[in-house]
Amino acid sequence: MIIVWIILAGVVILLLALAGIYNNLVQLKNRVRNAWAQIDVQLKRRYDLIPNLVEVAKGYLKHEREVLENVTHARNLGLAAKGPQEAANADNFLTQTLKSLFAVVENYPDLKANQNMLKLQEELTTTENKISFARQYYNDETMRYNTAIQSFPTNIIAALFNFRGEELFQIQQDSERQTPKVNF
Amino acid sequence: MPYSFIEIEKRKKTAIVAIFLFVVALYFLSAQILWIITKGFFILEAELKLKTDYPKHFILWKEVFIVFLLSFLAAALHWAISIRHMQEKILKALAAQAPDLNDAYHRAFQNIIEEVCVACGGQKIQGYVIASSALNAFALADFRGNKVIGISEGLLARLNRSQLEAVVGHEAAHLIAGDSLLKTVSCSIFGLYSALLEGIERGMFYSANTKKEKNATGVLYLMVIYLVLSLMRFFNFLLNMFLSREQEYRADALAVRLTRNPLALAEALYIIGRSWRGAGQISDSLGSLFIVSPKYKILDEETGWIAELFSTHPPLKARLSILISMAHTDINILKENIKPKLRIAAEQGTEIMQSIGNLCPECKTPLFLAEYEGAQIEKCSSCAGLLVKEDVLRRILIREDFSFSQSIAQIGQHLANLAYLPKEKYEVSFMLDCPYCQKKMQRKFFNTAYLVQIDYCPSCQVIWFDKNELEVIQYLSEKYRRELNKE
């Protein structure tokens with residue numbers, strides 16, 4: 001009789017532990033999703049700013065059509081991107097085109113001192129920083145989730161209920177790694 | 001990973017309960033002592049009169065119980081009153097205001113707060129600005145989960161974007177770790193009252209000094225206030241035992257984890273440490289809320305258990321050396337890298353925008369909105385006069401974006417060398433009409449140290465500067481600030 005009770009207690013404890021681990025995994029996964037949603041919001045905000053920027057710069061940069069077209073092109077690529085990897089690449093491309101745009105702007109003192117341009121520049125700086133912070137947060141949470149999925153004994157339950165690892169939001173170029181944030 | 005940024009830690013609850021019990025104990029002890037003194041006094045008197053025997057049970061348990069009950073009630077009342085709207089009360093005591101979104105510096109600060117919110121996983125934090133040239137920053141939290149990060153105008157003007165981000169990151173780290181709630185509670189229990197009393201005391205001394213006859217009641221009031229004040233200050237000092245200085249190290253570490261920039265935080269701490277942090281303006285009893293104590297205290301710079309117990313901030317040197325080693329650099333390289341901001345000429349920096357319908361008091365042509373050192377002012381395009389609101393002017397005088405031309409420097413130097421003028425020169429005259437209310441503006445000197453004549457409307461609180469006048473005042477205020485900081 002006692003043995004039956006012990007086995008029963010063991011089964012109950014096991015089930016409870018299982019439920020605990022499962023719930024924990026669900027929580028971690030939802031955090032990753034929430035973190036991704038944050039990146040998405042910031043990326044969208046940045047894409048929304050680009051047309052204004054092009055509009056302001058167009059009047060001054062009559063001979064630099066190409067640079068502006070590149071920026072617009074990069075924005076369109078970003079809007080069409082799906083999944084962390086594609087989005088990361090598109091975002092990276094946009095960052096580079098913006099960099100070359102601002103390098104050109106340096107040669108136009110009138111545009112540089114333009115009130116609207118200054119405001120847009122501040123907005124872009126803050127959005128860019130927000131993206132990098134959101135990315136950092138997403139990667140932290142994803143790392144936490146992936147570690148949970150891969151470690152014992154959670155990995156058994158993860159495999160059982162089909163929890164799959166998430167992609168990190170990574171940047172491909174080595175040169176990009178050294179300039180994390182925009183500062184003035 | 002020590003912290004998850006989603007859950008605000010509730011671990012500090014035990015510490016808050018401990019603070020409450022501490023308040024109860026303080027009340028109980030003081031009440032008991034008072035009771036014994038009164039009892040002793042009366043019994044002594046009775047004994048002298050009646051020559052009866054000394055009572056055997058000097059401390060009765062029934063009495064102790066009643067005293068405890070009463071003091072518990074008093075402590076609970078004190079607690080409840082102090083906790084109510086504590087955030088608003090402290091913000092008011094610090095004269096902190098929500099950022100003005102027409103101001104470029106304030107906009108950038110708001111953006112930085114939003115950035116740090118994103119880094120914390122989407123927290124909601126409210127920004128506030130103290131209109132002071134001191135360099136400091138603070139964080140507040142309350143039981144409802146409202147979070148506030150405040151920063152002084154001086155800090156906004158002196159630090160660059162990444163340094164500001166590091167400071168805001170440090171304050172956000174306090175909020176995430178739950179330190180801020182503990183600090184806010186501990187400050188509102190005694191510190192806030194002591195800060196308010198300090199203000200009253202200052203006012204009373206001032207009025208006592210200006211009045212010719214010194215009356216006895218005034219002195220009595222002062223004595224009572226002084227007694228209560230020193231008691232509050234002492235209790236606050238004891239309460240600081242609950243605030244560990246480890247919290248600052250931890251917040252530094254967490255800030256680095258948030259912003260990934262230990263160098264910027266080290267630079268910010270270095271700059272703050274070498275400047276005026278608000279001693280005299282920010283009450284010392286609220287000091288534990290700030291990134292660096294407003295007042296320089298020897299206790300803060302010491303190690304050992306006494307400093308550990310009673311000091312709220314660790315030695316700045318120790319904090320710096322940890323951050324510097326995180327950034328793989330050393331203090332000399334850090335010092336070299338801190339450069340003053342690039343300045344531009346005032347004409348280059350003010351661009352005219354649209355008009356809001358006010359007319360220039362001199363030329364009666366429309367005034368245009370303009371950005372002057374990041375602040376919004378109105379400018380006349382024909383006579384180059386400037387119309388500035390008083391609170392905006394305070395910001396402009398703190399900021400150092402513009403360089404001064406040779407002529408401005410010469411005028412400023414000349415005015416600085418002037419001795420005090422004869423009394424009749426200080427008389428107020430009325431010349432121009434206020435562009436807002438059309439009443440006459442007072443023409444007077446800016447103050448006795450800056451002998452520049454301005455036109456001031458006391459009801460609209462705006463000042464009209466003729467061409468170059470504001471720049472001369474800026475030159476003078478910067479000159480005095482330099483001289484003060486050198487000492």
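The values are calculated or read from the model by the stated rules, or taken from the named source; none is laboratory data. Every value quoted in this text rests on a predicted model; they were computed, and no experiment measured them. Because the Cβ atoms are built from the backbone with ideal geometry, glycine has one as well, and the counts that use them run over all protein chains shown. The area values use the complete protein model at the heavy-atom level, side chains included, leaving out ligands, DNA and RNA. Shrake-Rupley method; radii C 1.70, N 1.55, O 1.52, S 1.80 Å.
Interface residues of the stretch A:130-152, defined as those losing at least 40 Å² of solvent-accessible heavy-atom surface relative to the isolated chain (probe radius 1.4 Å), are listed as A:LYS130, A:PHE133, A:GLN136, A:TYR137, A:ASP140, A:ARG144. Contact order for the stretch B:102-203, expressed relative to its length and based on alpha carbon pairs under 8 Å spaced 6+ residues apart, stands at 25 percent.
Between the residues B:PRO366, B:SER382, B:LEU320, the greatest Cα displacement towards the positive end of the dipole of the stretch B:319-383, with unit charges on the Cβ of Lys, Arg, Asp and Glu, is found for B:LEU320. For the stretch B:349-385 versus the stretch B:449-487, the spacing of their alpha-carbon centroids is 18 Å.
A:VAL4 sits with roughly 90 Å² accessible to a 1.4 Å probe, with DNA, RNA and ligands left out of the calculation. Backbone amide hydrogens, once placed in the peptide plane, bring B:LEU367 within less than 5 Å of B:GLY357, B:ASN358, B:LEU359, B:CYS360, excluding anything fewer than 5 places away on its chain.
Over chain B, the reciprocal of the mean inverse Cα-Cα separation, the Kirkwood hydrodynamic radius, stands at 25.9 Å. Exposure check, 1.4 Å probe, all protein chains in place: B:TYR221 carries approximately 150 Å² of accessible surface.
A Förster distance of 35 Å, applied to the separation of the beta-carbon atoms of B:SER321 and B:LYS341, puts the FRET efficiency at 0.85.
What the phi angles of the stretch B:371-380 give under the Karplus curve with 6.51, -1.76 and 1.60, with θ = phi - 60°, is a coupling list of 9, 10, 6, x, 9, 8, 9, 10, 10, 8 Hz, glycine and proline written as x. Farthest toward the positive end of the dipole of the stretch A:7-101, out of A:ALA9, A:GLN38, A:LEU68, is the Cα of A:ALA9, where the dipole comes from beta carbon charges about the Cα centre. Given a Förster radius of 22 Å and the C-beta distance between A:PHE102 and A:ASP48 as r, what FRET efficiency does 1/(1 + (r/R0)^6) yield to the nearest 0.05? So the FRET efficiency works out to roughly 0.75. Scanning residues 5 or more positions from B:LEU135 or on other chains, those with amide H under 5 Å from its amide H are B:TRP276, B:ARG277, B:GLY278, with H placed 1.01 Å from N in the peptide plane. Within 10 Å of the Cβ of each residue in B:15-28, the mean number of Cβ atoms contributed by other protein chains is 0. Placing a label point 7 Å from the Cα of B:SER30 along the Cα-to-Cβ direction, the residues of the stretch B:223-246 whose backbone N falls under 16 Å from that point are B:224-240.
With a Förster radius of 51 Å, plug the Cβ-Cβ distance of B:LYS39 and B:ALA95 into 1/(1 + (r/R0)^6) and report the FRET value to the nearest 0.05. Could the numbers behind the result be given before it?
Details: r = 46 Å, r/R0 = 0.90.
For B:LYS39 and B:ALA95, the calculated efficiency is 0.65.
The residue among B:LEU476, B:GLY40, B:ALA75 whose Cα reaches farthest toward the positive pole of the charge dipole of the protein assembly as shown, with charges on the beta-carbon of Lys, Arg, Asp and Glu, is B:GLY40. Restricting the stretch B:420-460 to chymotrypsin sites (Phe, Trp or Tyr not before Pro) that sit in a DSSP loop and have at most 11 other Cβ atoms within 10 Å of their own Cβ leaves B:TYR420. Taking amide H as placed 1.01 Å from N in the peptide plane, the amide H of B:ILE130 sits under 5 Å from that of B:GLN97, B:ILE151, B:SER152, B:GLU153, each at least 5 places away or on another chain. To the nearest whole percent, what portion of all C-alpha pairs in the stretch B:370-481 is separated by more than 19 angstrom? Taking all Cα-Cα pairs of the stretch B:370-481, the fraction more than 19 Å apart is 46 percent. Pairing chains B and A buries close to 2200 square angstrom of accessible surface in total, based on protein heavy atoms and a 1.4 angstrom probe. The phi-based Karplus calculation (6.51 cos²θ - 1.76 cosθ + 1.60; θ = phi - 60°) puts the 3J(HN,Hα) values of the stretch B:443-454 at 9, 7, 6, 4, 7, 6, 8, 9, 7, 10, 7, 10 Hz, whole numbers, x for Gly and Pro. Holding the Cα-Cα limit at 20 Å, pick out from B:LYS147/B:LYS341; B:LYS92/B:LYS147; A:LYS112/B:LYS341; B:LYS295/B:LYS389; B:LYS89/B:LYS183; B:LYS339/B:LYS467 the pairs that are longer than that. From the list (B:LYS147/B:LYS341; B:LYS92/B:LYS147; A:LYS112/B:LYS341; B:LYS295/B:LYS389; B:LYS89/B:LYS183; B:LYS339/B:LYS467), the Cα-Cα distance tops 20 Å for B:LYS147/B:LYS341; B:LYS295/B:LYS389; B:LYS339/B:LYS467. Both radii were evaluated on the Cα set of the stretch A:13-73; the Rg over Rh quotient, with Rh as the Kirkwood radius, amounts to 1.49. Assuming charge only on the beta carbon of Lys and Arg (+1) and of Asp and Glu (-1), the dipole of chain B about its Cα centre is about 920 debye to the nearest 20.
Considering only the other residues whose Cβ falls under 13 Å of the Cβ of B:THR365, what net charge follows from Lys and Arg at +1 and Asp and Glu at -1? Walk me through the numbers before you get to the answer.
Working: positive: B:LYS364, B:LYS379; negative: B:GLU362, B:GLU378.
Net local charge, B:THR365 excluded: 0.
With the simple spin-label model, which puts each label point 7 Å out from Cα in the Cβ direction, the A:GLU66 to B:SER382 separation comes to 4.9 nm.
Applying 0.36 nm per residue to the separation of B:MET431 and B:GLN410 and subtracting their alpha-carbon distance, the gain on full extension is 4.9 nm.
The label-point distance for A:TYR22 and B:TYR480, in a model that sets each label 7 Å from Cα toward Cβ, rounds to 7.2 nm. Rounded to the nearest 20 debye, the dipole size of chain A about its Cα centre is 360 debye, using +1 on the Cβ of Lys and Arg and -1 on the Cβ of Asp and Glu.
Report the full-extension gain for the segment B:GLU400 to B:GLN354: residue separation times 0.36 nm, less the Cα-Cα distance, to one decimal in nm. Don't jump to the answer; show the numbers that get you there.
Details: separation 46, 0.36 × 46 = 16.56 nm, distance 2.52 nm.
Once the chain is fully extended between B:GLU400 and B:GLN354, it gains 14.0 nm.
The distance linking the stretch B:135-172 with the stretch B:59-119 is 17 Å (Cα centroid to Cα centroid, whole angstrom).
Each residue of the stretch B:160-175 was assigned a 3J(HN,Hα) from its phi angle through the Karplus expression (A = 6.51, B = -1.76, C = 1.60, θ = phi - 60°), giving 8, 4, 6, 5, 4, 4, 5, 5, 4, x, 4, 5, 4, 4, 4, 5 Hz with x at Gly and Pro. The trypsin sites (Lys or Arg not before Pro) found in the stretch A:1-104 that occupy coil by DSSP, while having at most 16 further C-beta atoms within 10 Å, are A:LYS62, A:LYS82.
GluC sites (Glu not before Pro), restricted to the stretch A:17-126: which are DSSP loop and have at most 13 other Cβ atoms within 10 Å? All intermediate terms of the calculation are to be shown ahead of the outcome.
Working: sites: A:GLU55, A:GLU64, A:GLU66, A:GLU69, A:GLU86, A:GLU106, A:GLU122, A:GLU123; in loops: A:GLU64, A:GLU106.
Those that pass, being in a loop and sparsely packed, are A:GLU106.
The relative contact order of chain B comes to 12 percent, based on Cα pairs under 8 Å that sit 6 or more residues apart.
When Rg and Dmax are taken over the Cα atoms of chain A, they come to 23.7, 92 Å. How much net charge surrounds B:SER382 when only other residues with a Cβ under 12 Å from its Cβ are counted (Lys, Arg +1; Asp, Glu -1)? Summing Lys and Arg as +1 and Asp and Glu as -1 gives +2.
Counting heavy atoms of the protein chains alone, B:VAL428 has an accessible area of about 70 Å² for a 1.4 Å probe. Compute the acute angle (0 to 90°) between the alpha-carbon long axis of helix B:246-259 and the principal axis of greatest extent of the alpha-carbon atoms of chain B; round to the nearest 10°. Value to nearest ten degrees: 40. Across every direction, the projection of the convex hull enclosing the Cα atoms of the stretch A:66-126 has a mean area of 4.4 nm². Under the convention that each Lys and Arg Cβ holds +1 and each Asp and Glu Cβ holds -1, the size of the dipole of the protein assembly as shown around its Cα centre is about 1300 debye.
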